[in-house]
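Following: one structure in structure tokens, then a few remarks.
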Amino acid sequence: VAGDVTHKLSLLEETLAILQAKFADVFFTPGNHDLWLDSSSSAPSTSSSSSFGKLDDVLSLCARMGVQTTAKKMEIEGTHVWIVPIFSWYHASWDREADWPDALPPRKVMADFRACKWPDHLSPHDDSLAREFDKLNDPELGNLETVLDLERDSAFEKNPLVISFSHFVPRNELIPEKSKLFYKNLPKAVGSDYLERRIEELKSDVHVFGHTHFSWDCYIGGTRYVQWPLAYPKEQERRRKYGISQTFSSSGQPPKSGASAGDAAAAKTPHPFAEWKPLVVYDSAGVTPCKRTYWCNHYQLSTQKQRAKPAVPLARGRNALKPGGIK
């Protein structure tokens, strides 16, 4: 679970219990909503005067329930798979694109700046908060990197598979450019360079993330990046309505205007957003194929693992454009 379940501990416990009834192991890392503070957000606790105190309450709840918030090695069909939650928080300097004139700053739009409280030496207006969250991953992830290197070099073990996950966005390629966004300053409150570095050091095979509610499923630099958001009920309703009046071919495209009756009859595949179910990224056959998503298709991001070439920082070039760059 990549965060943003609820700011209420009672609802978080209820949700995690439902998942535990369905799955043998449940992993969780908190998002921004989970760390909001209000009078109903948690049981009475002296630690909950700040959002770091709330984080302690959330992690204590998970520990009591047996929900994993740290890395764990599992064996699936003879393959060793590491599941790795990563703590993170966003910082404004992650935004590489030129500012749009008259766009409101995140502190006037994002509820986090009102609902979260931080120690005086940390600020959501610079990278100090993102850096502090990244420190929460040590020493565990540093030790895990050493373990993974030993396992990869071992003649007695198969290469381990690493599936990491976070709430926030690790790479600039994984958010639409500002000309496509309703809120132009969204990139200032979604991503973390510290998170990207962790994924690179772990050499993750798959990384799952959340926060922005945009669907992504593609390979960049040998890692598969997936966001498959449950989203808000209103967003779910829009998905169910979208494309219901049409039929789609197996390629995911609607029949062309003027298509023959035979072509139209052959196009029986429902629109992929008509029904939204959890996405399986690994099964007994290995890492599953990517699903077609709008933004990966729009930016022509690869849905196949590339072996030879290093990652090309598409969005770092794309986000260097001035407002209105790509039409």
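The values are calculated or read from the model by the stated rules, or taken from the named source; none is laboratory data. These numbers come from a predicted model, not from an experiment. Cβ sites come from the backbone with ideal geometry, for glycine too, and all protein chains shown count toward neighbours. For the accessible areas, the whole protein counts, side chains as well, though only heavy atoms, and no ligand, DNA or RNA atoms are used. Shrake-Rupley method; radii C 1.70, N 1.55, O 1.52, S 1.80 Å.
Would you be able to say whether some residue in segment 103-112 is in contact with a Pro (Cβ under 9 Å, 6 or more places away or on another chain) and more than 25 Å from Asp56 (Cα to Cα)?
Yes: segment 103-112 contains one or more residues that are in contact with a Pro (Cβ under 9 Å, 6 or more places away or on another chain) and more than 25 Å from Asp56 (Cα to Cα).
When only residues in segment 124-142 that are over 14 Å from Lys188 (Cα atoms) and not in a helix (DSSP H, G or I) count, which is least open to solvent (accessible area, probe 1.4 Å)?
Among those residues, the one meeting the criterion is Asn137.
If we scan segment 39-46, do we find a residue that is at pLDDT 95 or above and open to solvent by less than 30 Å² (accessible area, probe 1.4 Å)?
There is no residue in segment 39-46 that is at pLDDT 95 or above and open to solvent by less than 30 Å² (accessible area, probe 1.4 Å).
Which of the residues spanning segment 24-37 are open to solvent by 50 Å² or more (accessible area, probe 1.4 Å) and either at pLDDT 95 or above or touching a Pro at 6+ places or on another chain (Cβ under 8 Å) (or both)?
The answer is Asp25, Trp36.
Checking Lys322 against (1) open to solvent by 80 Å² or more (accessible area, probe 1.4 Å); (2) modelled with pLDDT under 50; (3) closer than 14 Å to Tyr225 by Cβ, only one condition comes out false. Which one?
Result: Lys322 passes all but (3).
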